[in-house]
Amino acid sequence: MKMVKKITKNKKTYYVCAECNFTYKDKKIAAKCENWCRKHHSCNVEITKYAVKF
Ligand SMILES: [Zn+2]
């Protein structure tokens, strides 16, 4: 089973949804995204609006 991935960029920790690869500062939101993605096979804009862009 896939899990939220922890990454470090510019000395900051981020969490990546293993399903859609969106990156979040908040682990809880990343987990939420992953649950949504797994269930619905699509992204929820209410969640992905918190995604971090590099
Ligand atoms: Zn996702």
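The values are calculated or read from the model by the stated rules, or taken from the named source; none is laboratory data. Just so it is clear, the structure is predicted and the values come from calculations on it, not from any experiment. Heads up, the Cβs are rebuilt from the backbone with ideal geometry, glycines too, and the neighbour counts pull from every protein chain shown. Accessible surface areas use protein heavy atoms only, side chains included; no ligands, DNA or RNA. Shrake-Rupley method; radii C 1.70, N 1.55, O 1.52, S 1.80 Å.
For the stretch 4-28, the set of residues classified as within 14 Å of the ligand (Cβ to nearest atom) and closer than 10 Å to V52 by Cβ consists of Y14, Y15, V16, F22, T23, Y24, D26, listed by residue number. Residue count for the stretch 40-54 satisfying the condition of being closer than 15 Å to V4 by Cα and assigned to a helix (DSSP H, G or I): 2.
Considering only residues that are of a type in the set (S, T, N, Q) and open to solvent by 100 Å² or more (accessible area, probe 1.4 Å), which ones fall in the stretch 9-20?
Of everything in the stretch 9-20, just one residue is of a type in the set (S, T, N, Q) and open to solvent by 100 Å² or more (accessible area, probe 1.4 Å), namely N10.
Consider T23 carefully, then state whether it is polar (S, T, N, Q) and crowded, with 16+ Cβ neighbours inside 10 Å. The answer is yes for T23.
Look at (1) more than 12 Å from the ligand (Cβ to nearest atom); (2) crowded, with 19+ Cβ neighbours inside 10 Å; (3) not aliphatic (A, V, I, L, M) and you find that C33 fails only one, number (1). Beta carbons closer than 8 Å, at least 6 apart along the sequence or on distinct chains, pair a first residue in the stretch 36-48 that is over 12 Å from E19 (Cα atoms) with a second that is within 10 Å of the ligand (Cβ to nearest atom) and open to solvent by less than 30 Å² (accessible area, probe 1.4 Å) for N44/C33; I47/C33; T48/C33. The set of residues in the stretch 1-47 that are among the hydroxyl-bearing types (S, T, Y) and touching a helix residue (DSSP H, G or I) at 6+ places or on another chain (Cβ under 7 Å) comprises Y15, Y24. Scanning the stretch 41-54 for residues that are more than 10 Å from the ligand (Cβ to nearest atom) and modelled with pLDDT of 95 or more returns V45, E46, K49, Y50, V52.
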